[in-house]
Amino acid sequence: MGALSIQGIHKTYNETTHILKGIDLEIEAGEFLILVGPSGCGKSTLLSMIAGLDHPTEGRILIGDRDVTHLPSKDRDIAMVFQSYALYPNMTVAQNIAFGLEIRKVPKAEREAAVQRVAAMLQIGHLLDRKPGQLSGGQRQRVAMGRALARDPKLFLFDEPLSNLDAKLRVEMRAEIKQLHQRTKTTTVYVTHDQVEAMTLGDRIAVMKDGWVQQFGTPAEIYNRPANRFVAEFIGSPAMNMVSVRRQDGGVSAHGLALALNDVQRQAVQAHGSDELVYGLRPESLAFATQGLPGTLSMIEPTGPETYATVDTPAGKLTARVPGVLDAQVGEAVHLQWDADQAHLFDQHSGKRVN
Ligand code: ADP
């Protein structure tokens, strides 16, 4: 049995603003689901409906085998961690963690045991007597997670929990959330606009845009076989290079220049209903070589372990991602090579994957 079932969810405001346009997702027990997409795509709205803070205009939500669509939040056996930690400033850390249990009338000894359990898990035992005002941002975030974990809920919901933290702490907390999930295996729904968080944390990822799920799959499926141009460009940094091409002589070409295809891609292009396509290449698929697509180096961005190099070619600007330091100068003539198997093909108009 699935842990969470989202069936045909629509959300309309004022009968005219259609925010969610039919969302269907089936989540297995213990799974870590990511909802990712640009700001305004509807991910927080969807999470609010799973949480019971808002209700769908159409559709059903099941937690386990229970239809919770119209149940209030408190009857859903869920725990939430928000971007704003929403800790009670006048309570100690221990009281904050125990508060949800107290209002559920859990006996004192059990509450204290839960506080000790999550404090050990999150390494905040030494902070239990402090007030939130005496904590750093990362510590507050831990307490907010502790409060959610104390309950051992059916479902854990996170709404951009790391976005208020600085870059270094964000990476640390991300790792902690991952380890925590590996230990507790609580089914989790996690909202983020950050594609790295999505890739590193998710068992499966739902990529959203304009109130639709564009693709639902494992991080590897989403990265290696993006279903459309939007997903291809949204996931991965630097973004996938996109070259507009036309069908020509059984293959594809950009400004008359034929681009490499393997047999499967060639067949897909021939069977496709339109002449106008987009040829996508991830930056790491490109390599510098002594021959291949000619161009001029127009920008070099070293990051330390690798370098991003932008090359102006007859097919357009392409960014290559190469290991280490690139021993070259801006303005230099270069050649780029890639393996056709690494190419992605999309329809120019619908954006849908062709190969
Ligand atoms: P995300 O979390 O992906 O950034 P949201 O779910 O917060 O997006 O919002 C999706 C869209 O719904 C936005 O365009 C937002 O302005 C709109 N929206 C959210 N709440 C309301 C509301 N109560 N009334 C009208 N529009 C809303």
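The values are calculated or read from the model by the stated rules, or taken from the named source; none is laboratory data. Everything quoted here is computed from the prediction, not taken from an experiment. Don't worry about glycine lacking a Cβ; one is built from the backbone with ideal geometry, like all the others, and counts go over all protein chains shown.
The numbered conditions (1) in contact with a Lys or Arg (Cβ under 9 Å, 6 or more places away or on another chain); (2) not in a helix (DSSP H, G or I) are all true for residue 96 except (2). Here residue 57 qualifies as in contact with a His (Cβ under 6 Å, 6 or more places away or on another chain), touching a residue at least 24 places away in the same chain (Cβ under 8 Å) and of a type in the set (S, T, N, Q). Only one of the listed residues (50, 63) is within 16 Å of the ligand (Cβ to nearest atom) and either in contact (Cβ under 8 Å) with a residue 40 or more places away in the chain or not assigned by TED's automatic domain parsing to the domain that holds residue 213 (or both). That residue is 50. You will find that of 53, 62, the residue that is more than 22 Å from residue 177 (Cα to Cα) and assigned to a loop (DSSP other than H, G, I, E, B) is 53 and no other. Considering region 68-85 alone, what residues qualify as being exposed (fewer than 13 other Cβ atoms within 10 Å of the Cβ) and more than 16 Å from the ligand (Cβ to nearest atom)? Across region 68-85, the qualifying residues are 70, 72, 74, 75.
The number of residues in region 308-354 that are of a type in the set (S, T, N, Q) and outside any strand (DSSP E or B) comes to 4.
Filtering region 102-153 to residues that are small (Gly, Ala, Ser) and over 26 Å from residue 63 (Cα atoms) leaves 109, 113, 119, 120, 125, 133, 136, 137, 138. Does at least one position in region 256-266 carry a residue that is farther than 13 Å from residue 355 by Cβ and in contact (Cβ under 8 Å) with a residue 24 or more places away in the chain? Scanning region 256-266 turns up at least one residue that is farther than 13 Å from residue 355 by Cβ and in contact (Cβ under 8 Å) with a residue 24 or more places away in the chain. Looking only at residues of region 17-45 that are more than 15 Å from the ligand (Cβ to nearest atom) and not in a strand (DSSP E or B), we find that the one that is nearest to residue 185 (Cα to Cα) is 30.
Here is a yes/no grid of residues against (1) β-branched (Val, Ile, Thr); (2) within 12 Å of the chain's Cα centre (by Cα):
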| residue | (1), (2) |
| --- | --- |
| 162 | no, no |
| 166 | no, no |
| 191 | yes, yes |
| 194 | no, yes |
| 210 | no, no |
| 219 | no, yes |
| 223 | no, yes |
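If you go through region 86-105 and keep only what is in contact with a Gly (Cβ under 9 Å, 6 or more places away or on another chain) and either more than 19 Å from residue 131 (Cβ to Cβ) or surrounded by fewer than 20 Cβ atoms within 10 Å (Cβ to Cβ) (or both), you end up with just 89.
Take the conditions (1) under 23 Å from residue 36 (Cα atoms); (2) surrounded by fewer than 16 Cβ atoms within 10 Å (Cβ to Cβ); (3) of a type outside the set (Phe, Trp, Tyr); residue 159 misses just one of them, which is (2).
Only a single item in (1) in a strand (DSSP E or B); (2) within 16 Å of the ligand (Cβ to nearest atom); (3) of a type in the set (A, V, I, L, M, F, W, C) is not met by residue 252, and it is number (2).
I need the full set of residues from region 201-249 which are of a type in the set (D, E, K, R), assigned to a strand (DSSP E or B) and in contact with an Asp or Glu (Cβ under 8 Å, 6 or more places away or on another chain), in order please.
Here is the first cut: in region 201-249, the residues of a type in the set (D, E, K, R) are 203-204, 209-210, 221, 225, 229, 233, 246-247, 249.
Cutting the leftovers down to assigned to a strand (DSSP E or B) gives us 204, 209, 246-247.
If the condition is that a residue be of a type in the set (D, E, K, R), assigned to a strand (DSSP E or B) and in contact with an Asp or Glu (Cβ under 8 Å, 6 or more places away or on another chain), then 204, 246, 247 are the ones that fit.
The number of residues in region 1-16 that are more than 9 Å from the ligand (Cβ to nearest atom) and touching a helix residue (DSSP H, G or I) at 6+ places or on another chain (Cβ under 9 Å) comes to 3. Exactly one residue out of 198, 175, 148 is among the small types (Gly, Ala, Ser), more than 24 Å from residue 40 (Cβ to Cβ), part of a helix (DSSP H, G or I) and under 18 Å from the mean Cα position of the chain (by Cα): that is 175.
Listed conditions (1) more than 21 Å from residue 50 (Cβ to Cβ); (2) crowded, with 22+ Cβ neighbours inside 10 Å are all met by residue 147, apart from (1).
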